[in-house]
Amino acid sequence: MSVELERNNDNQSVCDKLTSMSTSDSNSHVYEPASAQGDVSQQIRDISEVPAIEVITTAAVHLMSAAAVKLGLAAEENAEELKDLDEARKLITALAGLVTAAAPEIGSQHAGPLRDGLRSLQLAFREESTIPDAPGKGPGEKYTGPVN
């Protein structure tokens, strides 16, 4: 019985972590434990209905948005204060890896716009950098090749 209880607690912990990832503010992370096992089961059923393409493209759009903010491209007055090129580099590299790996799975209809957005971010990074990276050494270029 204790093994089953421990397994249920582990499952509940994983589900709580998964369900806490959605917040109304994409830049804040608030832990919200599931109130009941029924809620978790419903949320698992809900996520099971989401096509993989939608999950992949949503993740890519989140990475793009975060990278744009870190590049200082936000539409807010304090955009320059939000700039962090080291963080932008990490986000762009992660996006490049995701887009490159997912492209064969999601098809050119979905991958094309993601590649365009990625390229725009890579070029914006080059413009924002005070010390330019060598060709092929910019963020994500190990996955995409040099961007000019």
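Could you list, in sequence order, the residues of region 63-86 that are of a type in the set (G, A, S), surrounded by fewer than 16 Cβ atoms within 10 Å (Cβ to Cβ) and in a helix (DSSP H, G or I)? Once the filter is applied, which keeps residues that are of a type in the set (G, A, S), surrounded by fewer than 16 Cβ atoms within 10 Å (Cβ to Cβ) and in a helix (DSSP H, G or I), region 63-86 yields only A79.
With respect to (1) at pLDDT 95 or above; (2) over 26 Å from P146 (Cβ atoms); (3) not basic (K, R), the lone exception for N27 is condition (1). Of the residues making up region 113-138, those that are under 30 Å from P51 (Cα atoms) and either surrounded by 13 or more Cβ atoms within 10 Å (Cβ to Cβ) or touching an Asp or Glu at 6+ places or on another chain (Cβ under 8 Å) (or both) are P113, L114, R115, G117, L118, R119, S120, L121, Q122.
When each of K83, K70, K90 is tested for being of a type in the set (D, E, K, R), over 17 Å from the mean Cα position of the chain (by Cα) and closer than 24 Å to E141 by Cα, the lone residue that passes is K83.
The values are calculated or read from the model by the stated rules, or taken from the named source; none is laboratory data. Model, not experiment: these values are computed from the prediction. As a convention, Cβ positions derive from the backbone with ideal geometry for all residues, glycine included, and neighbour counts pool all protein chains shown.
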